Amino acid sequence: MRYLLTSFCFIWLFSACNSYPKKQHFKISDTSVKRITNPFFSDTVQDYVYKAHIDVYDNSFGGLLIIKKLNEQHHRIAFTTEMGNKIFDFSFDNNDFKVNYILEDIDNVFLINILKQDFSVLIKEHIPVNTTYKTDRNMVLETEINNKNHYYYMTGDTLNKVVRANNGKEKVLFLFSEISDSIAKHVQIIHHNIKLKINLKSISK
């Protein structure tokens, strides 16, 4: 019985420690890519305006999310109601992050840190690649952002999905669709370990 329990524990630990690429049956690609170039939110001339819906725990917020690239390393992200009342306003300047404003109801260090991580992925343009994998449909590029493993799914030259994974499990899913002229008209951020979902529909011209 002791041997049986030990065997089960070993199998469970082995399964839990399997990496995300192994669980997804990725194959190492013959083609090595050194850097990811994310085209979304990269134009300083363009104002990226989205009709946004954010569900966080028992709260639900609707309004407009505006992403503006001010210079090469500086983005401003603001979420307002359709009447213009601010919900949050963040600045990302190189490696510096600043909360310019956040509504008292969601002024929580944990939530702010999660939003910081999520939006960092959206606006980060040039990311070194650690490993290049392939599937039947996609090239998958493994990289590290904020000390967390991220997997960029490319169909041809088009980025359509990013997965943040930990301990072999998908934690956060970023989906990009209706892509035209380097703009993702529809963006979704879905968390699997906490109650947080962000849905963005572009209203930019």
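What the table shows:
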read-out: Length gained when the stretch LYS185-ASP43 is fully extended (0.36 nm per residue, less Cα-Cα span); value: 49.6 nm
read-out: Length released on extending from GLU104 to THR80, taking residue separation times 0.36 nm less the Cα-Cα span; value: 7.3 nm
read-out: For the chain, built as a Gaussian network whose Cα springs stay under 10 Å, the top-fluctuating residue of TYR20, TYR152, TYR57; value: TYR57
read-out: Over the chain: helical MRE at 222 nm, DSSP H runs n ≥ 4 each giving -39500 (n - 2.57), nearest 500; value: -5500 deg cm²/dmol
read-out: Per residue, in Å², the accessible surface of the stretch 21-123 once ligands and nucleic acids are set aside, probe 1.4 Å; value: 57 Å²
read-out: Cross-link table LYS34/LYS195; LYS148/LYS169; LYS23/LYS124; LYS69/LYS171; LYS161/LYS195; LYS98/LYS185, entries beyond 24 Å C-alpha to C-alpha; value: LYS34/LYS195; LYS23/LYS124; LYS69/LYS171; LYS98/LYS185
read-out: Within the accessible area of the chain (1.4 Å probe), percent carbon and sulfur; value: 50 percent
read-out: The chain shape via C-alpha gyration tensor axes, a/c threshold 1.5; value: oblate
read-out: Length-normalised contact order for the chain - Cα pairs under 8 Å, 6+ apart - percent; value: 22 percent
read-out: Label-point separation in nm, ASN94 to THR135, each point 7 Å along Cα→Cβ; value: 3.7 nm
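The values are calculated or read from the model by the stated rules, or taken from the named source; none is laboratory data. Quick caveat: nothing in here was measured; it's all calculated off a predicted structure. Every residue, glycine among them, receives a Cβ derived from its backbone with ideal geometry; neighbour counts consider all protein chains shown. The area values use the complete protein model at the heavy-atom level, side chains included, leaving out ligands, DNA and RNA. Shrake-Rupley method; radii C 1.70, N 1.55, O 1.52, S 1.80 Å.
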